[in-house]
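Q: Mind looking over this structure? Questions follow.
Where a number appears in this text, it was derived from the coordinates with a stated rule and is not lab data. These numbers come from a predicted model, not from an experiment. Note that we place each Cβ from the backbone using ideal geometry, even for glycine, and neighbour counts take in every protein chain shown.
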Amino acid sequence: MIAKIHPSKLRGEVSAPPSKSHTQRALLASAFAPGKSLIYNPLFCDDTRETIRALEKLGAGFEIYPDRIIVRGRKPERRDFLSLEIPASGSTLRMLVPPLKGFVERLEIKTTPRMLERLASPDLEQLAGLNISFRDGKVILEGRLQGGSISIEPVVTTQWLSGLIFALPFLPGSEIRTSYPLAGSYPALTLEVAQAFGINFRFRNGSLRAENHYLPAEYRVEGDYSAAANWLVAGSFSSDLRVGGLNPASQQPDSQLFAHLSALGVPHKYENGYFSCGAPKPLAAEIDVSRTPDLFPVLAALASVRPGVTRISGLKKLKYKESDRAEMTARGLGMLGADIKLLTEEAVIVGKEMLAGGVEIDAAGDHRLIMAFAILSGKIKEPFAIRSAEGVSKSYPDFFKTFLSLGGRVEFL
């Protein structure tokens, strides 16, 4: 699908969609908890549907309603062989493999060529006790996860660490040893959700231990900062856009968005349950997105149309996203008329008042890129087209519906 974006200011009020990260983690924890759990306000998107399909193969049951999911969980059973299909959700695959490998001798996961590329990172070497290979469009994992003292230092992704956290209650007497700073991280989010489903954790001197078993629970998913960032940045182009449904005390790493916005000279406020942003002030800015890589496309889009020079570092992880995200962001913004240079692990962007538009750009089906490009509608002179725009369904299926409701103009070709 091609989305043709016309010049248009976004105005009004919008609620953030439910958090994908919270929904996926709640699905996993509830599936491991024998009995009936309820997940309220879940996100329904491609990634969470992949998570549900994989967990159904383990014996968990799901009743899906518009505003909730009833989960009938069960402890994984020991088996010699299990075959799953996880085409595109890297978070599902990485967080599910460690707990399963305590129970399954041979695990085969059919996936896509791009996913196999994303999995081939140094982090994979830290899963002790597993023989991992890629053959015939599958990742094949043999052996069982070794308990005891498990050491892991995330290099490209923290999702394997989150997977080990989910596995820890199934490995009595074991510990995870890591020097990775957990505060404000995705593993901290994993700990928060697992605790809601009965697990007690102790973290001391780099050692994480778990107590208790997974228990059924009722869990409410909060709003998603990663998705809401697009509307908040669009709000800096128009003071008439307010974003609600976000938890001001959220543990989501992308809630660090406001620190990034402050560094970029964008004023913001929280009032009556809504966040809003003002026009950016001219200044030179430096930000590091190593712990918030999903925010890079929209922050780069903002930097391309704000006064001043912006340097964005911490791009190493972006190579392993749905696309080579730094490269594709720079290429797309450059085609739109932005002044952006991509160095080894840093982007240097000189802001302009407006971008030319008038081109067709490839988002490589990457949901984060599609949204970041689209919200530039208020800062382009001529319409432009985004190829593979259907990719938003990975995390935010209603994105363009919301875009239209806020006054955005788009044609689907």
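Q: Apply the Karplus parameterisation 6.51 cos²θ - 1.76 cosθ + 1.60, with θ equal to phi minus 60°, to every residue of region 199-212 and state each ³J(HN,Hα) to the nearest whole Hz, in sequence, with x for glycine and proline.
A: 8, 9, 10, 10, 10, 8, 6, x, 10, 10, 10, 10, 10, 6
Q: For the chain, modelled as a Gaussian network with Cα springs under 10 Å, which listed residue fluctuates most, 83, 395, 377?
A: So, out of 83, 395, 377, the one fluctuating most is 83.
Q: Convert 25 °C to kelvin, take the viscosity as 0.890 mPa s, use the Kirkwood radius over C-alpha pairs of region 20-220 as Rh, and evaluate the Stokes-Einstein diffusion coefficient in µm²/s, rounded to a whole number.
A: 146
Q: What pairs from 75/101; 269/394; 269/316; 281/379 go past 23 Å between their alpha carbons?
A: 269/394; 269/316
Q: So what's the back-of-envelope 222 nm ellipticity for the chain, counting only DSSP H runs of four-plus at -39500 (n - 2.57) apiece and dividing by all residues, rounded to 500?
A: Dividing the helical sum by the residues of the chain leaves -8000 deg cm²/dmol.
Q: Right, next: Around residue 30, under 10 Å between beta carbons, what's the net of Lys plus Arg minus Asp minus Glu among the other residues?
A: +2
Q: I want to verify the translational diffusion coefficient of region 132-187 in µm²/s; compute it with Stokes-Einstein, Rh as the Kirkwood radius over Cα pairs, at 37 °C and 0.692 mPa s.
A: 256
Q: Beyond 11 Å, what share of the Cα-Cα pairs of region 70-110 remains, rounded to the nearest whole percent?
A: 68
Q: Can you tell me the orientation of helix 20-32 relative to the chain, as the angle in degrees between its alpha-carbon axis and the longest Cα principal axis, to the nearest 10?
A: Its long axis makes an angle of about 10 degrees.
Q: Turning to a different aspect of this structure: What ratio of Cα Rg to 2.2 N^0.38 Å holds for the chain?
A: The value comes to 0.98.
Q: Under 15 Å between alpha carbons, and skipping anything fewer than 8 positions from residue 4 in its own chain: which aspartates and glutamates qualify?
A: 360, 362, 382, 390, 411
Q: How big, in percent, is the set of alpha carbon pairs in region 334-413 lying more than 22 Å apart? Provide the component values of the computation, followed by the final result.
A: Details: 816 of 3160 pairs.
That tail contains 26 percent of the Cα-Cα pairs.
Q: Next question, about the same structure. If packing is taken as the average number of other Cβ atoms within 10 Å across a peptide's residues, how do 217-227, 49-59, 353-363 rank, most packed first?
A: Averaged packing, sorted descending, gives the order 217-227, 49-59, 353-363.
Q: If you count, for each residue, the other Cβ atoms within 10 Å and average over each peptide, how do 266-272, 127-133, 228-234, 113-119 line up from highest to lowest?
A: My ranking of the peptides, most packed first, is 228-234, 113-119, 127-133, 266-272.
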